[in-house]
Structure formats: C-alpha cells, structure tokens
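Report on the structure given below.
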Amino acid sequence: MEFRRREILGGLVATLVKATWAAPKEEKAMYGMIGKMTTLAGKRAEVLSLLLQAVKEMPGCLSYVVAQDSADESGIWITEVWDSKDSHDASLALPEVKKTIAAARPMIAGFSNQAITTPVGGYGLPAH
C-alpha cells in the first residue's frame, strides 16, 4: 500500500489538533458566603480581633473579609470566596479555625442574613 505525503501530513496534523483541543477539564464553581454575625453587647471588638487573628492562608480560600456593620454596634459581616464548596467545608476542620470558633462562640448572640453565592469573578478573583 502506497501512502502519499499529503495523507501522512494530514493524519499527523489531525492527531496534533485532536490532542491539543481535547475537551476542557470541567471547572468547579467557586463558592461564596455572605453573612451577618451579631455579638453580645460590648463584645464586637474582641470577636473581630479573634476573627482577624485567624485570617491566615487557608487552602482554597480566595477572599475572606471581616467588616463592622456601620448601623449595628454588635454586627459583623463576613464575606468569603472559596475555589469550591469542598475547600470551604474542609477549612472547618483546620485546628486554627476550630480554636477560633471555640473562643468566639461564647461571645456570639447569633447569625442572620446568610447568603450562599456562586461567585463568577471580580477584582482579585480568578476569571471563570
């Protein structure tokens, strides 16, 4: 059987194109949470301090922002963005996170206004 140069080159190009343009890997959606924490009267500064001390690099955490509520002297807003829900869930098992939760728990009156989000991008976040 005789192969022509054009057929061989065409086959090689088709193989390279197929290998280069293989189906893209499925990306996991980012995971976000926004929620309000209310502290016991006079305990906001102490809880803020605990939360900010605990803000260290956590695997999969893309953004973790702690803010005072300007209209509520006991209110704290926490905004989180993670590369996936799995990373968020795994963070709750980290010793430093467990320690912070245990220390802050007696000073927390409650949680409200929680929203679970699917971030799609923004300044400082990877493009999706």
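The values are calculated or read from the model by the stated rules, or taken from the named source; none is laboratory data. The structure displayed is predicted, hence computed values, not measured ones. No Cβ is skipped: glycine too gets one built from the backbone with ideal geometry, and neighbour counts run over all protein chains shown. Surface areas here come from the heavy atoms of the whole protein model, side chains and all, with no ligands, DNA or RNA. Shrake-Rupley method; radii C 1.70, N 1.55, O 1.52, S 1.80 Å.
Over the range 24-104, what is the relative contact order in percent, taking alpha-carbon pairs closer than 8 angstrom and at least six residues apart? Computed value for the range 24-104: 39 percent relative contact order.
Which lysines does Lys28 reach when only Cα atoms under 30 Å apart count, and residues fewer than 8 places away in its own chain are ignored? Excluding near neighbours in sequence, the set is Lys18, Lys36, Lys56, Lys85, Lys98, Lys99.
Charged side chains reduced to their Cβ positions (Lys and Arg at +1, Asp and Glu at -1) give the range 36-106 a dipole of some 260 debye around its Cα centre. For Leu92, the accessible surface of its heavy atoms amounts to roughly 80 Å² (probe 1.4 Å, protein chains only, rounded to the nearest 10).
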